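S.K.: Mind having a look at this structure? Questions to follow.
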Amino acid sequence: MKNALMLSGLFAALSGLPAYAQQALEIVGKPTNGGMGFQPAATELARDLQSLDYMLVIICAAISLLVIGLIAWVIVRYNKRMNPTPASFTHNSPVEIAWTVVPIIILVFIGAYSLPVLFKQQEIPEADITIKVTGYQWYWGYEYVDAGFGFDSYMIGQPATGGNYVLTPEVEAKLVEAGYSRDEFLLATDTAVVVPIGKTIVMNVTGADVIHSWAMPAFGVKQDAVPGRLAQLWFKAEREGIYFGQCSELCGKDHAFMPITVKVVSQEVYDDWLKGAIEEYADAGQPKSFKLAAN
(Lines give C-alpha, C1' and ligand atoms only; values in the text may rest on other atoms or scores of the structure.)
Protein backbone atom coordinates (compact mmCIF):
# COMPACT_ATOMS: atom_id res chain seq x y z
CA MET A 1 0.00 0.00 0.00
CA LYS A 2 2.80 2.38 0.91
CA ASN A 3 4.61 1.68 -2.37
CA ALA A 4 1.41 2.24 -4.31
CA LEU A 5 0.88 5.60 -2.63
CA MET A 6 4.46 6.62 -3.36
CA LEU A 7 4.08 5.62 -7.01
CA SER A 8 0.81 7.53 -7.30
CA GLY A 9 2.48 10.57 -5.82
CA LEU A 10 5.30 10.30 -8.33
CA PHE A 11 2.82 10.09 -11.21
CA ALA A 12 0.98 13.16 -10.03
CA ALA A 13 4.20 15.02 -9.47
CA LEU A 14 5.48 14.39 -12.97
CA SER A 15 2.36 15.81 -14.59
CA GLY A 16 1.63 18.60 -12.12
CA LEU A 17 4.65 19.40 -9.97
CA PRO A 18 7.86 19.52 -12.01
CA ALA A 19 10.08 20.22 -9.03
CA TYR A 20 9.04 17.02 -7.28
CA ALA A 21 9.44 15.07 -10.49
CA GLN A 22 12.98 16.30 -10.86
CA GLN A 23 13.86 15.04 -7.40
CA ALA A 24 12.82 11.54 -8.45
CA LEU A 25 15.20 11.57 -11.43
CA GLU A 26 18.97 11.61 -11.37
CA ILE A 27 20.76 14.12 -13.57
CA VAL A 28 22.92 11.80 -15.65
CA GLY A 29 23.88 13.48 -18.91
CA LYS A 30 25.42 16.81 -17.93
CA PRO A 31 28.67 18.57 -18.84
CA THR A 32 31.09 19.02 -15.96
CA ASN A 33 33.74 21.67 -15.39
CA GLY A 34 37.16 20.34 -16.30
CA GLY A 35 35.71 17.11 -17.63
CA MET A 36 37.97 15.23 -20.03
CA GLY A 37 35.91 12.18 -20.91
CA PHE A 38 32.49 11.39 -22.30
CA GLN A 39 29.21 11.68 -20.52
CA PRO A 40 27.86 8.33 -19.25
CA ALA A 41 26.59 6.33 -22.20
CA ALA A 42 22.83 5.88 -21.90
CA THR A 43 22.23 4.10 -25.22
CA GLU A 44 23.80 1.34 -27.28
CA LEU A 45 24.71 3.95 -29.91
CA ALA A 46 26.66 5.98 -27.36
CA ARG A 47 28.50 2.90 -26.08
CA ASP A 48 29.49 1.96 -29.62
CA LEU A 49 30.77 5.47 -30.36
CA GLN A 50 32.75 5.66 -27.15
CA SER A 51 34.29 2.22 -27.70
CA LEU A 52 35.26 3.22 -31.24
CA ASP A 53 36.82 6.42 -29.94
CA TYR A 54 38.86 4.55 -27.32
CA MET A 55 40.11 2.15 -29.98
CA LEU A 56 41.11 5.01 -32.28
CA VAL A 57 42.92 6.77 -29.44
CA ILE A 58 44.97 3.64 -28.79
CA ILE A 59 45.80 3.24 -32.49
CA CYS A 60 46.73 6.92 -32.87
CA ALA A 61 48.83 6.83 -29.71
CA ALA A 62 50.68 3.69 -30.91
CA ILE A 63 51.39 5.26 -34.31
CA SER A 64 52.56 8.50 -32.69
CA LEU A 65 54.90 6.65 -30.33
CA LEU A 66 56.28 4.59 -33.22
CA VAL A 67 56.97 7.69 -35.33
CA ILE A 68 58.54 9.55 -32.40
CA GLY A 69 60.69 6.50 -31.64
CA LEU A 70 61.85 6.21 -35.26
CA ILE A 71 62.70 9.90 -35.42
CA ALA A 72 64.67 9.65 -32.18
CA TRP A 73 66.49 6.56 -33.42
CA VAL A 74 67.42 8.28 -36.70
CA ILE A 75 68.63 11.36 -34.82
CA VAL A 76 70.85 9.28 -32.55
CA ARG A 77 72.02 6.65 -35.03
CA TYR A 78 72.57 8.77 -38.11
CA ASN A 79 73.85 12.07 -36.82
CA LYS A 80 77.20 13.35 -38.15
CA ARG A 81 79.16 12.30 -35.11
CA MET A 82 77.83 8.72 -35.06
CA ASN A 83 77.74 8.33 -38.83
CA PRO A 84 80.44 10.55 -40.41
CA THR A 85 80.14 8.82 -43.79
CA PRO A 86 76.57 9.07 -45.08
CA ALA A 87 75.00 6.19 -46.98
CA SER A 88 74.53 6.51 -50.73
CA PHE A 89 71.45 4.31 -51.32
CA THR A 90 68.37 5.92 -52.90
CA HIS A 91 65.56 3.58 -51.86
CA ASN A 92 64.63 0.56 -49.78
CA SER A 93 61.91 -1.59 -51.34
CA PRO A 94 60.92 -3.58 -48.22
CA VAL A 95 60.55 -0.38 -46.18
CA GLU A 96 58.56 1.34 -48.92
CA ILE A 97 56.24 -1.66 -49.24
CA ALA A 98 55.80 -1.75 -45.46
CA TRP A 99 54.87 1.91 -45.12
CA THR A 100 52.29 1.45 -47.88
CA VAL A 101 50.77 -1.87 -46.84
CA VAL A 102 50.68 -1.33 -43.07
CA PRO A 103 48.60 1.90 -43.24
CA ILE A 104 46.18 0.16 -45.62
CA ILE A 105 45.76 -2.68 -43.12
CA ILE A 106 45.20 -0.19 -40.29
CA LEU A 107 42.58 1.73 -42.29
CA VAL A 108 40.76 -1.46 -43.26
CA PHE A 109 40.77 -2.52 -39.61
CA ILE A 110 39.33 0.85 -38.55
CA GLY A 111 36.72 0.71 -41.29
CA ALA A 112 35.64 -2.77 -40.27
CA TYR A 113 34.74 -1.42 -36.83
CA SER A 114 33.52 2.08 -37.70
CA LEU A 115 31.19 1.33 -40.62
CA PRO A 116 28.86 -0.94 -38.60
CA VAL A 117 28.60 1.82 -35.99
CA LEU A 118 27.70 4.32 -38.72
CA PHE A 119 25.17 1.98 -40.32
CA LYS A 120 23.52 1.35 -36.96
CA GLN A 121 22.96 5.08 -36.56
CA GLN A 122 21.67 5.62 -40.08
CA GLU A 123 19.40 2.57 -40.36
CA ILE A 124 16.28 3.84 -38.60
CA PRO A 125 14.34 1.05 -36.85
CA GLU A 126 10.59 0.89 -36.41
CA ALA A 127 9.55 3.48 -33.86
CA ASP A 128 7.70 2.90 -30.64
CA ILE A 129 7.32 6.68 -30.32
CA THR A 130 7.76 9.27 -33.08
CA ILE A 131 8.61 12.87 -32.23
CA LYS A 132 8.97 15.69 -34.72
CA VAL A 133 11.70 18.16 -33.73
CA THR A 134 11.81 21.65 -35.21
CA GLY A 135 14.63 24.08 -34.58
CA TYR A 136 13.78 27.76 -34.32
CA GLN A 137 15.81 30.87 -33.58
CA TRP A 138 16.30 30.14 -30.69
CA TYR A 139 14.27 27.36 -29.15
CA TRP A 140 12.99 23.87 -29.98
CA GLY A 141 9.52 22.72 -30.91
CA TYR A 142 8.39 19.13 -30.29
CA GLU A 143 5.37 17.29 -31.66
CA TYR A 144 4.43 13.85 -30.36
CA VAL A 145 3.11 12.67 -33.70
CA ASP A 146 1.22 9.59 -32.52
CA ALA A 147 -0.36 11.35 -29.53
CA GLY A 148 -1.40 14.49 -31.45
CA PHE A 149 0.12 17.28 -29.37
CA GLY A 150 3.13 19.52 -29.37
CA PHE A 151 4.92 22.13 -27.29
CA ASP A 152 7.84 24.54 -27.43
CA SER A 153 10.90 24.28 -25.20
CA TYR A 154 12.82 27.37 -24.07
CA MET A 155 15.91 27.69 -21.92
CA ILE A 156 14.99 28.81 -18.41
CA GLY A 157 16.40 32.33 -18.39
CA GLN A 158 15.48 33.25 -21.96
CA PRO A 159 13.28 36.34 -22.36
CA ALA A 160 10.39 34.02 -23.24
CA THR A 161 10.65 32.53 -19.75
CA GLY A 162 11.02 35.83 -17.94
CA GLY A 163 14.80 36.11 -18.04
CA ASN A 164 17.51 37.97 -19.87
CA TYR A 165 20.23 35.32 -20.31
CA VAL A 166 21.60 36.25 -16.87
CA LEU A 167 21.42 34.16 -13.70
CA THR A 168 19.44 36.59 -11.57
CA PRO A 169 17.69 35.65 -8.33
CA GLU A 170 14.42 35.53 -10.26
CA VAL A 171 15.84 33.08 -12.82
CA GLU A 172 17.36 30.96 -10.06
CA ALA A 173 13.94 30.82 -8.41
CA LYS A 174 12.44 29.58 -11.69
CA LEU A 175 15.13 26.89 -11.89
CA VAL A 176 14.38 25.75 -8.35
CA GLU A 177 10.64 25.80 -9.05
CA ALA A 178 11.24 23.51 -12.05
CA GLY A 179 13.31 21.13 -9.92
CA TYR A 180 16.79 22.23 -10.99
CA SER A 181 19.59 24.17 -9.29
CA ARG A 182 21.70 27.14 -10.33
CA ASP A 183 24.24 24.62 -11.69
CA GLU A 184 21.79 23.73 -14.46
CA PHE A 185 21.50 27.33 -15.69
CA LEU A 186 22.03 27.43 -19.49
CA LEU A 187 21.17 23.70 -19.58
CA ALA A 188 17.62 23.38 -18.24
CA THR A 189 14.49 24.13 -20.24
CA ASP A 190 10.98 25.06 -19.15
CA THR A 191 9.55 21.96 -20.84
CA ALA A 192 11.37 18.72 -21.53
CA VAL A 193 11.09 15.82 -23.91
CA VAL A 194 9.81 12.87 -21.88
CA VAL A 195 10.37 9.33 -23.14
CA PRO A 196 10.03 5.88 -21.57
CA ILE A 197 13.05 3.73 -20.86
CA GLY A 198 13.75 0.88 -23.24
CA LYS A 199 11.58 2.17 -26.10
CA THR A 200 12.76 3.04 -29.60
CA ILE A 201 12.37 6.77 -30.13
CA VAL A 202 12.53 8.07 -33.71
CA MET A 203 12.88 11.81 -34.18
CA ASN A 204 12.07 13.59 -37.42
CA VAL A 205 14.31 16.65 -37.39
CA THR A 206 13.91 19.86 -39.40
CA GLY A 207 14.56 23.58 -39.15
CA ALA A 208 12.10 26.46 -39.50
CA ASP A 209 14.52 29.26 -40.37
CA VAL A 210 18.24 28.39 -40.45
CA ILE A 211 20.25 25.22 -39.89
CA HIS A 212 20.21 23.97 -36.30
CA SER A 213 21.44 20.66 -34.90
CA TRP A 214 19.77 18.44 -32.29
CA ALA A 215 22.53 16.78 -30.24
CA MET A 216 22.39 14.62 -27.12
CA PRO A 217 25.91 13.47 -26.12
CA ALA A 218 24.81 10.80 -23.64
CA PHE A 219 22.65 9.20 -26.35
CA GLY A 220 25.33 9.36 -29.04
CA VAL A 221 23.08 11.23 -31.48
CA LYS A 222 23.46 14.44 -33.45
CA GLN A 223 21.39 15.45 -36.45
CA ASP A 224 21.33 18.71 -38.41
CA ALA A 225 17.92 20.40 -38.66
CA VAL A 226 17.85 21.81 -42.19
CA PRO A 227 14.94 24.00 -43.38
CA GLY A 228 12.94 22.26 -46.08
CA ARG A 229 14.36 18.84 -45.28
CA LEU A 230 13.33 16.09 -42.89
CA ALA A 231 16.12 14.03 -41.34
CA GLN A 232 15.85 11.26 -38.77
CA LEU A 233 17.67 10.00 -35.72
CA TRP A 234 16.83 7.30 -33.23
CA PHE A 235 17.80 6.15 -29.76
CA LYS A 236 16.72 3.71 -27.07
CA ALA A 237 17.56 4.99 -23.60
CA GLU A 238 18.70 2.38 -21.10
CA ARG A 239 18.86 4.45 -17.93
CA GLU A 240 16.30 6.68 -16.25
CA GLY A 241 17.39 10.22 -15.59
CA ILE A 242 17.65 13.75 -16.92
CA TYR A 243 19.90 14.43 -19.89
CA PHE A 244 21.07 17.70 -21.37
CA GLY A 245 22.01 18.45 -24.96
CA GLN A 246 22.36 21.54 -27.09
CA CYS A 247 22.06 23.00 -30.55
CA SER A 248 25.35 22.08 -32.21
CA GLU A 249 25.16 24.15 -35.38
CA LEU A 250 25.93 27.88 -35.28
CA CYS A 251 22.51 29.43 -35.92
CA GLY A 252 22.72 33.07 -34.91
CA LYS A 253 23.38 35.37 -31.99
CA ASP A 254 21.49 33.29 -29.42
CA HIS A 255 22.82 29.93 -30.59
CA ALA A 256 24.30 29.30 -27.14
CA PHE A 257 20.91 29.65 -25.49
CA MET A 258 18.85 26.83 -27.00
CA PRO A 259 19.62 23.75 -24.88
CA ILE A 260 17.80 20.43 -24.93
CA THR A 261 16.37 18.56 -21.94
CA VAL A 262 15.27 14.93 -22.13
CA LYS A 263 13.77 13.00 -19.23
CA VAL A 264 13.87 9.21 -19.39
CA VAL A 265 11.26 7.66 -17.10
CA SER A 266 9.56 4.34 -16.50
CA GLN A 267 6.72 3.27 -18.76
CA GLU A 268 4.19 3.82 -15.97
CA VAL A 269 5.38 7.34 -15.30
CA TYR A 270 5.47 8.08 -19.02
CA ASP A 271 1.90 6.89 -19.52
CA ASP A 272 0.71 9.15 -16.74
CA TRP A 273 2.73 12.09 -18.07
CA LEU A 274 1.31 11.49 -21.55
CA LYS A 275 -2.26 11.77 -20.29
CA GLY A 276 -1.48 15.09 -18.61
CA ALA A 277 0.43 16.36 -21.64
CA ILE A 278 -2.44 15.59 -24.00
CA GLU A 279 -4.84 17.44 -21.71
CA GLU A 280 -2.49 20.42 -21.44
CA TYR A 281 -1.12 20.76 -24.97
CA ALA A 282 -3.69 19.23 -27.30
CA ASP A 283 -7.14 20.43 -28.28
CA ALA A 284 -9.53 17.67 -29.39
CA GLY A 285 -6.55 15.60 -30.50
CA GLN A 286 -5.14 18.46 -32.61
CA PRO A 287 -1.81 20.06 -31.65
CA LYS A 288 -2.25 23.66 -30.59
CA SER A 289 0.40 24.78 -33.03
CA PHE A 290 -1.74 23.38 -35.89
CA LYS A 291 -4.85 25.12 -34.61
CA LEU A 292 -3.10 28.47 -34.25
CA ALA A 293 -1.68 28.15 -37.74
CA ALA A 294 -5.11 27.37 -39.13
CA ASN A 295 -6.55 30.47 -37.47
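S.K.: Taking just the alpha-carbon atoms of region 58-149, what radius of gyration and Dmax come out, in angstrom?
M.R.: Looking at region 58-149, its Cα Rg and Dmax stand at 26.8, 83 Å.
S.K.: On average over all directions, what projected area in square nanometres does the chain have, based on the convex hull of its Cα atoms? Each step should come with its number before you reach the end.
M.R.: Details: hull surface 93.1 nm².
For the chain, the mean projected area of the Cα convex hull comes to 23.3 nm².
S.K.: Explain nothing, just compute: Karplus ³J(HN,Hα) = 6.51 cos²θ - 1.76 cosθ + 1.60, θ = phi - 60°, for every residue of region 28-41 in order, whole Hz, x for Gly and Pro.
M.R.: Each residue's phi maps through the Karplus curve to give 9, x, 8, x, 10, 4, x, x, 10, x, 7, 5, x, 6 Hz.
S.K.: Sticking with this structure for a sec: Residues of region 55-75 with the amide nitrogen closer than 13 Å to a label point 7 Å from the Cα of MET82, along Cα-to-Cβ, please.
M.R.: 69-75
S.K.: Ignoring ligands, DNA and RNA, what percent of the 1.4 Å accessible area of region 44-122 is carbon and sulfur?
M.R.: C and S fraction of accessible area: 75 percent.
S.K.: Running a GNM on the chain with Cα contacts under 10 Å, which residue among ILE260, ILE110, ILE97 ends up with the highest mean-square fluctuation?
M.R.: ILE97
S.K.: Here is a follow-up. Round to the nearest 10 and give me the degree value, 0 to 90, for the angle of helix 93-122's Cα axis relative to the longest principal axis of the chain.
M.R.: 10
S.K.: Angle check, please: helix 267-281 long axis (alpha carbons) against the longest principal axis of the chain (alpha carbons), in degrees 0 to 90, nearest 10.
M.R.: Roughly 60 degrees, rounded to the nearest 10.
S.K.: Still on this structure, I have one more. Please give the helix 44-77 orientation as an angle from the longest Cα principal axis of the chain, in degrees from 0 to 90, rounded to the nearest 10.
M.R.: Roughly 20 degrees between the two axes.
S.K.: Moving to a separate point now. To the nearest 0.05, how large is the calculated FRET efficiency for ALA24 and GLU123 if R₀ is 35 Å and r is the Cβ-Cβ distance? Please report the intermediate quantities before stating the final value.
M.R.: Numbers: r = 34 Å, r/R0 = 0.98.
The value I calculate is 0.55.
S.K.: Right, something else. Would you please name the trypsin sites (Lys or Arg not before Pro) within region 33-83 that are DSSP coil residues with at most 16 other C-beta atoms within 10 Å of their C-beta? Walk me through the numbers on the way to the answer.
M.R.: On the way: sites: ARG47, ARG77, LYS80, ARG81; in loops: LYS80, ARG81.
Qualifying residues, ordered by number: LYS80, ARG81.
S.K.: What residue among PRO159, PRO84, PRO31 has the largest mean-square fluctuation in a Gaussian network model of the chain, using Cα springs under 10 Å?
M.R.: It is PRO84.
S.K.: Could you list which residues have their amide H under 5 Å from that of TRP140, counting only those 5 or more apart in sequence or on another chain, with H placed in the peptide plane?
M.R.: Result for TRP140 returns SER153.
S.K.: Using the Cα gyration tensor of region 33-91, with a ≥ b ≥ c the square roots of its eigenvalues, what is the shape: rounded (a/c below 1.5), prolate (a/b larger than b/c) or oblate (neither)? Write out the running numbers ahead of the final one.
M.R.: Details: a/c = 8.13, a/b = 3.27, b/c = 2.49.
Prolate shape, in that a/c is at least 1.5 and a/b is the bigger ratio.
S.K.: Something else now. Amide H of THR261: which non-local residues (sequence gap of 5 or more, or other chain) have their own amide H closer than 5 Å, using H built in the peptide plane?
M.R.: Close amide H contacts, sequence-distant or interchain: VAL193, GLY245.
S.K.: Here's something else I'd like to know. Under 10 Å, Cα contacts only: if you run a Gaussian network model on the chain, which one of LYS132, LYS120, LYS30 comes out with the highest mean-square fluctuation?
M.R.: LYS120
The values are calculated or read from the model by the stated rules, or taken from the named source; none is laboratory data. These numbers come from a predicted model, not from an experiment. Note: ideal-geometry Cβ built from the backbone for every residue, glycine included; neighbour counts use all protein chains shown. What goes into the accessible areas is simple: the full protein's heavy atoms, side chains included, and nothing from ligands, DNA or RNA. Shrake-Rupley method; radii C 1.70, N 1.55, O 1.52, S 1.80 Å.
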